[in-house]
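Chemist: Handing you this structure, nothing more for now.
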Amino acid sequence: MEDGTFYNECKDLPGALPMEGLFDMTNLNLSLVEDGIQFSGNMTSVWHGLDPSDRIQMTGSVQYFDRGTWVPTILNMLVYDLCKILYDDKQLWYKSWSSHIVNRREIEKECLMPGTVFILETYTANFRFGSGIYLKPGRYSIRVQNTAYDKFDIKRPNEICYEIRGEFFKV
């Protein structure tokens, strides 16, 4: 977390919507606690322009801050169809997010359709993960991009992009 902000917009991706273009988090409480970030409340998908037949592609990339510039690392991820694996317990985000959605059964088929309310139990996420490679200490950014494709595999114009910035360190 950087500057007390949990999510940052992607300034170098013109036209991309920030986290607020994906979720209304008015009813979500985020608190920095000793063990991580405490979540409680709910969040509502507000990603307009989606159709139930759309495929949501997600990319994730880790960047390192070096001498005033964000530099790409070799840590990248591409999820071809996010909705198919959003609640898969083998995914990176499962422990830190989707396992804590209490109304999962009711909303599973909705994925990220506008109006879908994700009700979260109160929990603390600490965002620990193993990479299997050496990462030097310092500032990092995890960039997440969500892109919708229609049934003809044509990209919709309302891409979502946000970054989570903070420090990585070996535990």
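Chemist: I want the local charge near Met43. Using Cβ-Cβ distances under 14 Å, sum +1 for each Lys or Arg and -1 for each Asp or Glu among the other residues.
Modeler: -3
Chemist: Let me ask something else about it. Per the Kirkwood definition applied to all pairs of different Cα atoms, how many angstroms is the hydrodynamic radius of segment 108-166?
Modeler: 15.5 Å
Chemist: What is the set of long-range amide H partners of Leu17 at a cut-off below 5 Å, with H atoms built 1.01 Å from backbone N?
Modeler: Counting only residues 5 or more places away or on other chains, the set is Glu159, Ile160, Cys161.
Chemist: At 222 nm, what value in deg cm²/dmol follows for the chain if DSSP H runs of at least 4 each add -39500 (n - 2.57) and the sum is divided by all its residues, to the nearest 500?
Modeler: Only helices count here, giving -1000 deg cm²/dmol.
Chemist: In Å and from the alpha-carbon atoms only, list the Rg and Dmax of the chain.
Modeler: For the chain, the Cα radius of gyration and maximum Cα-Cα distance read 16.1, 47 Å.
Chemist: Another question about this same structure. What's the extension gain from Tyr123 to Arg55 if we count 0.36 nm per residue and subtract their Cα-Cα distance?
Modeler: Extra length from Tyr123 to Arg55 when fully extended: 21.5 nm.
Chemist: Contour minus end-to-end for Glu108 and Leu135, with contour as 0.36 nm per residue of separation and end-to-end as the Cα-Cα distance?
Modeler: Result for the pair: 6.2 nm of gain on full extension.
We did not get these values from a lab; they are worked out from the coordinates using the rules stated. Because the structure is a prediction, the values reported are computed rather than measured. Glycine gets a Cβ as well: all are built from the backbone with ideal geometry, and neighbour counts include every protein chain shown.
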